[in-house]
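A quick write-up on the structure given underneath.
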Amino acid sequence: MRSGFQTALFAGVGAGLIAVGAIALHAHAAAGSLAEAHAALQSGEADKALILLNSLPASAEAHNLRCRVQLILDHLDAATSECQQAVSMDGESSGYHLWLGRVLGERASRASFMSAFGLAKQVRAELESSVRLDPRNADALADLGEFYKSAPGVLGGGEDKAEGVAAELDKVDQARAHQLRGWIAEGHKDYGTAERELKAAIGVDPHPAFSWMSLASFYRRRERWTDLDAALESGMKSAQHDRKAGVALYNGAMVLTKANRTLPLAAKMLRDYLSRDSKTEEAPAFVAHVRLARVLAQLGDKAGADEQRAAALALAHDYKPALELKF
């Protein structure tokens, strides 16, 4: 027979085990919701992602994901706040610093000169922190290289720094290293070197459809229309055999719409992208629907354009470009 003390002891142990189990189940459920929210973000289901994230307790990852949803919705103030909170909760995450840098970069691109100057310094600091925390973060290296290439020396930019980043990218993503060198060469009008580097990227890219579209974009800027068409065709063929290269179709469609060229093909590429299960936040589905709506409107298909606008709002009910879309 147990003593009163033993009975109380076993009861306490049992209650403790139950509490630990409940905590574990709650953590497991939260992790599941975070994964589901991430999947919703990638598929362009902004409303669903926010509903899931708003039901979760505060965490660095929840703040980071919420930041990324707000960014693709173009809610930059909200995105900035969320990304700052993610970094505050976990300042050792390379990814969190990268996303904060991206949000600040988007704000800087739209700010007045004086505001942009201060924001650009913050962008550089965040990207440099991201690379310092993970020197093999190819996304962070690519963004930092782009910053160094574009920013003046007074903001810490410079082609020599961009070349240094390209050397680091060689170790983790050779295709993007070649692309960065191509953009550097294009910046000082060495178009022959730029073209060679962008072509070299195709040969080492595990998903060459992306590099083909980068080359097509270069040809658009140079108004080399025959070469642009050939690069797009090669990129489309490559994407047909690569399940991970769906977003390259979106990129190719953007090249055509910027050139106001071959719009039926641009519409086809956007439809193909939207039909795939490899959509990403890099090209949010609701944004693709809006872009397709605009193309269809230009082609005279108002009913199709209205349908695409409705599809965008079904994924992101307050996406301003969709709300303001008129045909």
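Before moving on, here are some points about what is shown:
- The range 262-327 holds helices (runs of 4 or more DSSP H) entirely within its bounds, and those carrying 2 or more residues that are among the β-branched types (Val, Ile, Thr), at pLDDT 95 or above and not assigned by TED's automatic domain parsing to the domain that holds LEU76 map to 285-298.
- Residues located in the range 161-205, provided they are part of a loop (DSSP other than H, G, I, E, B) and not acidic (Asp, Glu): LYS171, VAL172, HIS188, LYS189
- Elements of the type helices (runs of 4 or more DSSP H) sitting completely within the range 52-128 and holding at least 2 residues that are over 18 Å from ALA40 (Cα atoms) and of a type in the set (Val, Ile, Thr): these cover 76-89.
- The range 71-92 residues that are touching a residue at least 12 places away in the same chain (Cβ under 8 Å), paired with ones that are surrounded by fewer than 16 Cβ atoms within 10 Å (Cβ to Cβ) (beta carbon under 8 Å, 6 or more apart): LEU73/ASP318; ASP74/LYS320; LEU76/ARG110; GLN85/ALA58; MET89/ALA58
- In the set ALA62, ALA108, only one residue is over 21 Å from LEU155 (Cβ atoms) and either surrounded by fewer than 16 Cβ atoms within 10 Å (Cβ to Cβ) or among the aliphatic types (A, V, I, L, M) (or both); that residue is ALA62.
- Note on the range 268-308: among residues that are farther than 28 Å from ARG68 by Cβ and not hydrophobic (A, V, I, L, M, F, W, C), the one that is surrounded by the fewest Cβ atoms within 10 Å (Cβ to Cβ) is GLY300.
- Evaluated against (1) touching a His at 6+ places or on another chain (Cβ under 7 Å); (2) without any contact (Cβ under 8 Å) to a residue 12 or more places away in the chain; (3) of a type in the set (A, V, I, L, M, F, W, C), LEU133 falls short on exactly one condition, (2).
- Number of the condition not met by VAL69 [criteria: (1) within 15 Å of ARG102 (Cβ to Cβ); (2) surrounded by fewer than 20 Cβ atoms within 10 Å (Cβ to Cβ)]: (2)
The values are calculated or read from the model by the stated rules, or taken from the named source; none is laboratory data. Note that the coordinates shown come from a computational prediction; the quantities given were computed from them, not determined experimentally. Ideal geometry is used to build each Cβ from the backbone, glycine not excepted, and the neighbour counts take in all protein chains shown.
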